[in-house]
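Asks: To start, I am sharing the structure in question, which I have written as structure tokens.
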Amino acid sequence: MTRKLYSAFAALLLVFAASYSVSALPEGKTAETRAAARVRLPLNLAVLVQDDLVSRVGNELEVTRSFIRELPAGSRVMVAYVTSGSLQVRQPFTTDLEQATKALRVPIGSTSASPYNPYTEVREALKRFPADNGNRNAMLLVSDGLDVSRGFDAASSINSVDLQRAVREAQKRNVAVYSFYAPSAGLTSWNRTAISFGQSALNRLSKETGGRAFFQGSSFVTFDAYFRDLSRTLNQQSIGE
């Protein structure tokens, strides 16, 4: 009887060990995947958020903080908001990444905070980049990309004067602009033409400055995939340099 009990107990231990190994394996893979997706080389990164974006953008604060925290040592981060036609710098460039994460806040999410257009303040933010310290320069612009300050048509929105000026400023300062599309409380929350103009403008800004625009369809669910792709893109571009 004792032998039978011992055999049964031993069998249970084997089952437990096997089940533990199977459940532990995905965790290891997840950690490995996360490590592989992290940015490898230090950056000067300006995070610029349009303040009239829809309220659910606020749900992405934690994943944004995680991205900042996981930047390599020596990185410098600035956090600013494009709000009511002005640039609100909540955290100037700092190497204290945890301090930078604390500067992030939920966007106001109202047309009362709508910018004149996002590209005027993009240009102002570009001027805040530090003198060359060996880091690559990058801007993460979270915006709907829409500029209707000079009319609501393709020529005025996708090829706006202020967008062209922002491109030239970024090229002059060697800053690659990466953009995450999100709808605002205004036109891009419901007008498909406005969405198309905004996304096309963001794509142009990023492409002409050596960055990349991230969007999927007319809305967004989460920035998780965007940040993974952003890290991979930054790492691939570093290898290519």
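Just so it is clear, none of the values below were taken in a lab; they were calculated from the coordinates. Since the structure is predicted, the reported quantities are computational estimates derived from the model, not experimental observations.
Asks: Using Cα positions and a limit of under 12 Å, work out the aspartates and glutamates in reach of K127, with same-chain residues fewer than 8 apart set aside.
Replies: Once the sequence-local aspartates and glutamates are set aside, what remains near K127 is E169.
Asks: May I pose another question? Quick one: Kirkwood hydrodynamic radius for segment 163-241, alpha-carbon pairs, angstrom, one decimal?
Replies: 13.5
Asks: Taking a temperature of 37 °C and a viscosity of 0.692 mPa s, what whole-number D in µm²/s does Stokes-Einstein yield for segment 41-240 with Rh from Kirkwood over alpha carbon pairs?
Replies: 200
Asks: Taking 0.36 nm per residue of sequence separation and subtracting the Cα-Cα distance, how much length would be gained by fully extending the chain between R56 and R150, in nm to one decimal?
Replies: Extending this stretch completely gives an extra 31.0 nm.
Asks: Then there's this: Tell me, what HN-Hα J-couplings in whole Hz come from the Karplus equation 6.51 cos²θ - 1.76 cosθ + 1.60 at θ = phi - 60° for each residue of segment 149-156, using x for Gly and Pro?
Replies: These are the phi-based 3J(HN,Hα) values: 5, 10, x, 10, 8, 4, 4, 6 Hz.
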